[in-house]
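The values are calculated or read from the model by the stated rules, or taken from the named source; none is laboratory data. Keep in mind that what you see is a predicted model, and the values were worked out from it rather than measured. Ideal geometry is used to build each Cβ from the backbone, glycine not excepted, and the neighbour counts take in all protein chains shown. Surface areas here come from the heavy atoms of the whole protein model, side chains and all, with no ligands, DNA or RNA. Shrake-Rupley method; radii C 1.70, N 1.55, O 1.52, S 1.80 Å.
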Amino acid sequence: MRYLTWLRKAIIAEGILILALFAVVSRKDAEEKQPAGGAENIQVSAKGDYIKWVDFKVSYEALCKAYEWDIQTHGSETELDWIELLAYAAAKTGGNVDKKACKYIDTAAEELMGKETTIKTLTRDMEYYPYYLQAYSAVLDGFVGEYEAELADETGGTTWEKRYGLKAFSPVAKGFYYEDYDDFGASRSYGYARPHLGHDMMGQVGTPIIAIESGTVEALGWNQYGGWRIGIRSHDKKRYYYYAHLRQNYPYAEWLEEGCEVTAGDVIGYMGHTGYSTKENVNNIEVTHLHWGLELIFDESQKESNNEIWIDVYALTRFLYKNRSEVVKVEGTKEWKRVYGLREEAGKEEIIK
């Protein structure tokens, strides 16, 4: 009997020891997880060291949470950077920055605000934090910052006001309805079997399409897959925005041309359903929608190659709904234009289209 009692206690003690060891290992594993896809994401190439792949698995909730901390602390003694907070959460979760990951963002922000640590100290032992910081900076660098907004004044005119916050826009103009869902990676069969490397927003023909970020028009014209389309490169060269299936006969804003500069919030084109044809100006897409995609470019060799990096922008689309460009119809034409301008550098006049 004594032996059985001793054996039972020994088993319980061993179980407690195993659980304790498991907790230590789990805590160590949770400290930082390798990026999804493994080390091939950050291999060094013959042409130099640059990122080869990014899975942008950052939820809408996490984007909002990090952004709120950034806005709340701007101008304070301890300013928090939303991209750094997201990169920290990604290093903790292996890149799966879902709704639950918001707790990591809150904890880090509270420690930083309480001066218990610094972002450098907090991430010092995180091997993959630099990868996530570079990858997420490539996605989000042009979204938040200082700018000047044109606002209506009491006299019926407008005035300019310095602001800090979200300066990127939803790709669909304010007041225009659309439907969407996360369709990144869905199969496509026209031409050849391939995954859907963008995001579709269903709406009405003629809906004004908005420049998400300021940049340079690098592509304009017909593509058999995208129909009438626009390609805009961000000024820092890291992001390439692709807008496709634009309206038949009148796809673009009349001032738009290849090589011209656009400002975030400008009307650049109009929703349609062109494409899936080698013949120009054909409506072969059944459902009217905007396809927009975001390509990341860490090295110019990636731009048009078999190594292009397109990311899932569904969460970003939800986030950008916070900032929709107000537009007005230009009487007697098919054109729409923005109501209020934006200047991204104080004192620098932007052309208001």
Next on the checklist: With the requirement that a residue be part of a loop (DSSP other than H, G, I, E, B) and touching a helix residue (DSSP H, G or I) at 6+ places or on another chain (Cβ under 8 Å), what does the range 311-343 give you?
Outcome noted: I311
Item to check | Residue list for the range 83-126, filter: of a type outside the set (G, A, S), touching a residue at least 40 places away in the same chain (Cβ under 8 Å) and within 12 Å of S59 (Cα to Cα) | outcome: L86, N96, V97, D98, K99, C102
Checklist entry - Which members of the range 156-195 meet the condition of being closer than 20 Å to Y242 by Cβ and in contact with a Lys or Arg (Cβ under 8 Å, 6 or more places away or on another chain)? => result F169, S170, V172, A173, S187, R188, R194, P195
Item to check | Residue in the range 66-80 that is surrounded by the most Cβ atoms within 10 Å (Cβ to Cβ), counting only those that are in a helix (DSSP H, G or I) and in contact with an Asp or Glu (Cβ under 7 Å, 6 or more places away or on another chain) | outcome: D70
Checklist outcome for this item: Reported set for the range 162-196 where residues are open to solvent by 40 Å² or more (accessible area, probe 1.4 Å), basic (K, R) and either at pLDDT below 95 or assigned to a loop (DSSP other than H, G, I, E, B) (or both) is K174, R188, R194
Checklist entry - Across the range 138-154, what is the number of residues that are out of contact with any Leu (no Cβ under 9 Å at 6 or more places or on another chain) and open to solvent by 20 Å² or more (accessible area, probe 1.4 Å)? => result 6
Next on the checklist: For the range 93-104, check the following and say yes or no: at least one residue is open to solvent by less than 10 Å² (accessible area, probe 1.4 Å), of a type in the set (A, V, I, L, M, F, W, C), in contact with a helix residue (DSSP H, G or I) (Cβ under 9 Å, 6 or more places away or on another chain) and not in a loop (DSSP other than H, G, I, E, B).
Outcome noted: yes
Item to check | Residues (over 16 Å from V54 (Cα atoms), open to solvent by 70 Å² or more (accessible area, probe 1.4 Å) and part of a helix (DSSP H, G or I)) located in the range 108-135 | outcome: E110, M113, K120
Checklist entry - What tally of residues in the range 300-310 results from selecting those that are open to solvent by less than 40 Å² (accessible area, probe 1.4 Å) and not in a loop (DSSP other than H, G, I, E, B)? => result 3
Checklist outcome for this item: Taking the range 261-298 and keeping residues among the polar types (S, T, N, Q) and open to solvent by less than 40 Å² (accessible area, probe 1.4 Å) leaves T263, T274, S277, T288
Item to check | Residues of the range 49-58 satisfying the condition of being surrounded by fewer than 21 Cβ atoms within 10 Å (Cβ to Cβ) and either in a loop (DSSP other than H, G, I, E, B) or of a type outside the set (D, E, K, R) (or both) | outcome: Y50, I51, K52, W53, D55, K57
Checklist entry - Here are some residues: Y164, Y181. Which one is closer than 25 Å to Y67 by Cα and in contact with an Asp or Glu (Cβ under 8 Å, 6 or more places away or on another chain)? => result Y164
